[in-house]
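For reference, the structure discussed in these notes is given below.
Derivation of every value follows stated rules applied to the coordinates shown; laboratory data play no part. Since this is a predicted model, take the numbers as computed values, not measurements. Please note: Cβ atoms are built from the backbone with ideal geometry, for glycine as well, and neighbour counts cover all protein chains shown.
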Amino acid sequence: MLTINVAVLLAIVIVVRLRRRTQARKRSDEQLTVLIVLVFGVLVAPTAFGHGVVDVVGQVAAGITGSGP
């Protein structure tokens with residue numbers, strides 16, 4: 001079974017989003033990028049809150065893919 005680390009996936013999404021041309025971005029697009037980066041920071045942070053967010057995101061991802069425990 002293939003497992004994907006959510007933080008690694010968000011890092012890839014951030015790199016792809018930041019490579020786009022700046023002139024083509026809307027304000028809402030920039031706000032979404034900031035939100036994604038903030039979530040990435042919380043996921044990477046070694047705090048209890050960060051671990052809680054990782055658990056919630058993992059449960060949501062497992063529920064969406066149907067590969068839950």
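In nm, to one decimal, how far is the modelled label at Gln59 from the one at Val34, with both set 7 Å along Cα→Cβ?
Each label point lies 7 Å from its Cα, and together they span 3.0 nm.
Report the calculated FRET efficiency for His51 and Ala11 (r = Cβ-Cβ distance, R0 = 22 Å), to the nearest 0.05.
Efficiency at R0 = 22 Å is approximately 0.80.
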